[in-house]
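What follows is calculated from the coordinates using simple rules that are stated; it is not laboratory data. All of these numbers come straight from a predicted model, not from anything done at the bench. When we count neighbours, we look across all protein chains shown, and the Cβ atoms used for this are built from the backbone with ideal geometry, even at glycine.
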Amino acid sequence: MRYTLRQLEVFLATAHFENVTRAADSLAMSQSAASGALKDLEQQFNFQLFDRIGKRLRVNDQGRNLRQKAEALMEQARELEMEMINPQSIGDLNLGATLTIGNYLAVDLVAEFMRQSPGAKVNMVVANTASIAMQVLNFDLDVGLVEGELVNSDLDVSHWRNDELVVFCSPNHPYAAKQSLADADLLAAEWILRETGSGTRQGFDRAMHGLLSSLWVKLELQHTEAIKRAVESGLGISCLSRISLEKAFERGDLVPLPVPHRDLHRAFYFILRKDKFRSAAIKRWLALCREQ
């Protein structure tokens, strides 16, 4: 074999950081050793994997093609190593979840996953749909759990479960006594919404087609709990996932507002890179999510 796994590690780290020094630090190597490994790999096969732009190294087309295959190969190598070290372990898992899923669903799932897989290490990043998708595409995350719909030729997007958005207000808001809201009510309201790029905002915008340009968006916030507190204080009305509102509705802190003529149903999705190696940990995680 004319290449080593260490050479591939250096290549992948350099592709990630776009800098040999930072790649070397991440692998506990000297900068000269990392540069040598990368140079040897390129010379052995007579190709160039990066475009040099000042001190930055930008992966070129040949490098991108190799990166996809190298990531899959390294995943298999790590899984094999883990099996040899500890036959009972299924390896580590890097997860991404959007805010609603991360705050209200994923923690319990992670706890169950770790109960079923003693010794497994799970890292979870919580961010909006656009950010999670970018990290999955960049191989930083193994699996993403997202609220927003995505179309990307490099992503495998599959249905996980259904969800529903709910318009709501404070018990003291003038709308609290209404049996349902008409379009005129939606247009007259002051809205507090999630930011553009979030799955919740995408679902809201789709449901409000025909009205969007005329809605009064008073405030945009990145966090669900901040929106709920703002609505409780009387700043306006909002629209979030039902799973994030159930306890507040039970306590009477917030009031649901039916909007029967608007479709507020949506879905949650799994996202993975299409060329991602499905390790035992990934397969078990997906199976657990579907079971729950």
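What is the helix-to-structure angle for 5-17, meaning the angle in degrees between its Cα long axis and the longest Cα principal axis of the chain, kept from 0 to 90 and rounded to the nearest 10?
Approximately 40 degrees, to the nearest 10.
Give me the percent relative contact order of the chain, please, defined on Cα pairs under 8 angstrom at least 6 residues apart. Numbers along the way, then the final one.
On the way: 472 pairs, mean separation 62.7, N = 292.
Relative contact order here is 21 percent.
Roughly speaking, what is the stretch gain from residue 17 to residue 112, that is 0.36 nm per residue apart minus the C-alpha to C-alpha distance, in nm to one decimal?
The residue 17-residue 112 span can extend by a further 30.9 nm.
For the residue pair residue 48 and residue 80, what label-to-label distance in nm results when each label sits 7 Å from Cα along the Cα-to-beta-carbon direction?
With each label point 7 Å from Cα toward Cβ, the separation is 3.3 nm.
Rg/Rh for the stretch 82-221: what does it come to with C-alpha atoms and Rh from Kirkwood? Mind showing how you got there, number by number?
Numbers: Rg = 19.5 Å, Rh = 17.7 Å.
When Rh is taken as the Kirkwood radius, the ratio is 1.10.
With a Förster radius of 41 Å, plug the Cβ-Cβ distance of residue 152 and residue 187 into 1/(1 + (r/R0)^6) and report the FRET value to the nearest 0.05. Numbers along the way, then the final one.
Numbers: r = 34 Å, r/R0 = 0.83.
It comes to 0.75.
Semi-axes of the stretch 17-161's equivalent ellipsoid from the Cα gyration tensor, sqrt of 5 times each eigenvalue, largest first, rounded to whole Å? Intermediate results must be reported in sequence, preceding the final value.
On the way: eigenvalues 198, 88, 39 Å².
They are 31, 21, 14 Å, listed from largest to smallest.
Give me the one-decimal nm value for the distance between modelled label points at residue 220 and residue 275, 7 Å along each residue's Cα-to-Cβ direction.
Taking the two extended label points, one gets 3.3 nm.
Per 10 Å bin, what is the whole-percent P(r) computed from every C-alpha pair distance within the chain?
So the P(r) values, bin by bin, are 6, 24, 25, 20, 14, 8, 2, 0.
Per DSSP H run of n ≥ 4, the term is -39500 (n - 2.57); total these for the chain, divide by its residue number, and report the mean residue ellipticity at 222 nm rounded to 500 deg cm²/dmol. All intermediate terms of the calculation are to be shown ahead of the outcome.
Details: 11 runs with 121 residues, N = 292.
Only helices count here, giving -12500 deg cm²/dmol.
For the stretch 142-246, run through the trypsin sites (Lys or Arg not before Pro) and keep only the ones in DSSP coil with at most 16 other Cβ atoms within 10 Å of their Cβ.
Details: sites: 161, 178, 194, 201, 206, 218, 228, 229, 242; in loops: 178.
Those satisfying the criteria are 178.
In a Debye calculation with equal point scatterers on the alpha-carbon sites of the stretch 5-85 and no solvent, what is log10 I(q)/I(0) at q = 0.13, 0.17, 0.23 Å⁻¹?
Each listed q maps to, in turn, -0.39, -0.65, -1.12.
Gain in length, residue 60 to residue 206, computed as 0.36 nm per residue apart minus the alpha-carbon separation, to one decimal in nm? Mind showing how you got there, number by number?
Details: separation 146, 0.36 × 146 = 52.56 nm, distance 3.68 nm.
Length gained between residue 60 and residue 206: 48.9 nm.
What's the angle, to the nearest 10 degrees (0 to 90), between helix 31-45's Cα axis and the longest principal axis of the chain?
With both axes taken from Cα atoms, the answer is about 80 degrees.
Measure of size requested: the Rg and Dmax of the stretch 213-292, with Cα atoms as the atom set and Å as the unit; please supply both.
17.9, 49
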